[in-house]
Amino acid sequence: MALKEFQAESKRLMDLMINSIYTHKEIFLRELISNASDAIDKLYYRTLEDGATGLSRSDFFIRLEADKEARTLTITDNGVGMTQEELDSNLGVIAKSGSLQFKSEKEQKEDVDIIGQFGVGFYSAFMVSKKVRVESRAFGADSAFAWESSGLDGYEIAPCEKAGRGTTVTLWLKDDADDEKYSEFLDPYRIRGLIKRYSDYIRYPIRMEMQKSRLKEGTGVDGKEPEYDTYFEEETLNSMVPIWKKAKSEVTDDEMNAFYKEKFYDWQDPLRTIRTSAEGAATYSALLFIPKAPPMDYYTREFEKGLQLYASGVLIMDKCPDLLPDCFSFVRGLVDSQDLSLNISREMLQHDRQLKLIAGRLEKKIAGELKSMLQNDREKYEEFWKGFGLQLKFGMYNDYGAKKDELKDLVLFTSSKEKKLCTLAEYVSRMPQEQPAIYYGCGETPERILGLPQAEGLLEKGYEILCLTDNVDEFALRILEKYEDKEFKNLSSENLDAQTDEEKAEAQKLQDGHKPLLDALREALEGKVKDVKLSPALKSHPVCISTDGMISTEMEKVLNAMPAQEKVKAQRVLEINPGHAIFQKLCSLEGDKDKLALYAGILYDQALLIEGIPLEDPAGFVQKVCGLL
């Protein structure tokens, strides 16, 4: 038969597919295996409809054969096969899929699960082949036909000999080059690895002869050196039934943990396993795992989030980022769906409604499981929090707080109460009735935070303090703004609202009575502080630094550590304890402007040191202290 040309549009698409669409050449084997599975499905569904074929699911198989000398790889199935017309229409026109047409005709039937819908995966074979031959005999037909092509030039269809129904695809692999080793696809162990990776859950056995060895009889005993015979044995390369398709009662915890560790390369059992499925607008099964500890690269830019994505048991994408929000990027696992639309190839997934529906449902499921763990297994949740709590706090802050309401009841902070972790709900439930706000402090450790001058007065009143030790903590609480109508107040804020009306009136009277002294101190510290005030709330400490406005001293540190051109500066206020002996000393120096300025500078630097803020001029501070001594 004369060479027939591909249509012009098909020719351009084929060239694009071979050279651009598929990012990994190994994908060709997945595509051809999926096509073979589809062919068997079509025949199997006929047995369900009319029962006249005399076949059962156990009669079907897919067989692989690699010939290193001839450089051929053969994939054979005993499915429905194709007629001469079907070979011409299905393989002669790219993006014409018999599977898609079959599914459309049967879409009202139940259990019609066809993998290949768009008819282009077959042509991925040309990424690794210089010639492809397809021999096929349709079910019930007396004759067979062969479709053969060497690529873009076109194809031929001619009669051929084939004993039974089904299809055999033979690939003549390209010659090896410096940058491409096509011979790897003739290695049985490489082939087995690809089957396990991409097609392990194809529901028909994928068989191949594998080389094995056994001890020769009479050797290896009585001091004789062991000798081995080499032989070949047909082996089934795929598992066929996914673990997530089995009933929970059929899978032990040990089997599930082993699956997780093997599949996701973790040496520890998962902290929690989540199984979920849905039918309807989005039909899928999901198997998710919360690890015990983050991987080494988790908090780096190199980390890639995402779940494995399967379509009817065939791996489509190793990490699909769209299935997980950033706040839950630590979750590992997989999603298997037969409803996802695949565009051009199974690597290019359309961002369709089903994908968004699945992602939304998984997000709610994960949040619910974490909340359940928090309520019912606090010890395990706190173990989880050590590894991934930082990510939840980042998630609360990211995207202008889009996830804050979902995450606010999952975050934990160390509390001044027994220095244990607590939720915001637990904090609020313990608040004294007169406490006006949720108080927190920022610092490197809880000990340093609770040692701040401002903490002393709050603790004396019986108020609890949350200790924020991570850079993101204050930003997360600021974007949350309130919890159960209680505002968050940084204990280093100028206005804590922790005083009674009487205490506020007394403080204002004291402030007005020492206005000239405070003005002189403010003038001496011009450019460093916005104001100098007296603070009766201070107990044993002489001074402290508070801030006025949205930027706290801790936020100043964090923001200025980032690679930004413009630096931010908190509006600092120097607060002085009017009951401390140092204030009496300042009062005695009210007429000595120079001495007062010296004391003001020293007190300001001391307040910075207490707050953990580096001094701008440490040597100058030492000189001032030495001047007093």
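Of SER588, SER372, SER552, the residue with the largest accessible area leads and the full order is SER588, SER372, SER552 (1.4 Å probe). Relative to its residue count, the chain spans a Cα convex hull of 262 Å³ per residue. Residues in segment 370-399 near a label at MET562, defined as backbone nitrogen under 13 Å from the 7 Å Cα→Cβ point? Answer for segment 370-399: 397-399. A simple spin-label model places the labels of LEU3 and GLN268 6.2 nm from each other, with each point 7 Å out along Cα-to-Cβ. Taking a straight Cα-Cα cut-off under 18 Å and skipping sequence neighbours fewer than 8 places away in the same chain, the lysines within cross-link reach of LYS212 are LYS68. Binning the alpha carbon pair distances of segment 512-607 at 10 angstrom intervals from zero yields the distribution 16, 46, 26, 11, 2, expressed in whole percent. Modelled this way, with points 7 Å down the Cα-to-C-beta line, the labels at LYS245 and ARG190 are 2.9 nm from one another.
Accessible area of LYS246 (1.4 Å probe, protein heavy atoms only, ligands and nucleic acids ignored): about 80 Å². The stretch between GLU382 and HIS580 holds 67.1 nm of extra length on full extension. This uses 0.36 nm per residue minus the Cα-Cα distance. If R0 is 41 Å, the Cβ-Cβ spacing of VAL622 and ASN495 corresponds to a FRET efficiency of close to 0.75. Ordered by solvent-accessible area of protein heavy atoms (1.4 Å probe), largest first, the residues MET373, MET317, MET296 come out as MET296, MET317, MET373. Using 0.36 nm per residue and subtracting the Cα-Cα separation, the extra length available between GLU235 and VAL221 on full extension is 2.1 nm. Computed from the C-alpha gyration tensor, the three semi-axes of the ellipsoid equivalent to segment 150-245 are 35, 21, 18 Å, from longest to shortest. Highest average first, the peptides 471-479, 458-466 ordered by how many other beta carbon atoms sit within 10 Å of their residues are 471-479, 458-466. Placing unit charges on the Cβ atoms only, positive for Lys and Arg and negative for Asp and Glu, gives the chain a dipole magnitude near 360 debye about its Cα centre. Helical content alone sets the calculated 222 nm signal of the chain at -11000 deg cm²/dmol, taking -39,500 (n - 2.57) per DSSP H segment of four or more residues and averaging over every residue.
Straight-line cross-link partners of LYS162 among the lysines, defined as a Cα under 22 Å from its Cα and at least 8 positions apart when in the same chain: LYS42, LYS131. In this structure, the residue pairs whose Cα-Cα separation is over 28 Å, taken from LYS403/LYS530; LYS408/LYS504; LYS292/LYS489; LYS530/LYS567; LYS417/LYS539, are LYS403/LYS530; LYS408/LYS504; LYS292/LYS489. Take the Cβ atoms of LYS356 and GLU444, set R0 to 45 Å, and the FRET efficiency comes out at 0.60. Residues CYS320, CYS626 ordered from highest to lowest accessible area at a 1.4 Å probe: CYS626, CYS320. Computed over protein heavy atoms with a 1.4 Å probe, the accessible surface of the chain works out to 50 Å² per residue. Of the peptides 384-394, 207-217, 32-42, the order by per-residue mean of other Cβ atoms within 10 Å, starting with the highest, comes out as 32-42, 384-394, 207-217. Computed from the C-beta positions of LYS515 and LYS319 and an R0 of 56 Å, the FRET efficiency is 0.30 to the nearest 0.05. Each label was represented as a point 7 Å from its Cα along the Cα-to-Cβ direction; for GLU279 and SER56 these points are 2.5 nm apart. Across the accessible surface of the chain, with the other protein chains kept in place and a 1.4 Å probe, carbon and sulfur atoms take up 47 percent. Summing +1 for each Lys or Arg and -1 for each Asp or Glu among the other residues whose beta-carbon sits under 11 angstrom from that of ARG378 gives -3. Were the residues from GLU506 through LYS569 laid out at 0.36 nm apart, the gain over their Cα-Cα distance would be 19.6 nm.
The values are calculated or read from the model by the stated rules, or taken from the named source; none is laboratory data. Not measured: the values here are computed from a predicted model. Reconstructed Cβ throughout: ideal geometry from the backbone, glycine too, with neighbour counts over all protein chains shown. Accessible surface areas use protein heavy atoms only, side chains included; no ligands, DNA or RNA. Shrake-Rupley method; radii C 1.70, N 1.55, O 1.52, S 1.80 Å.
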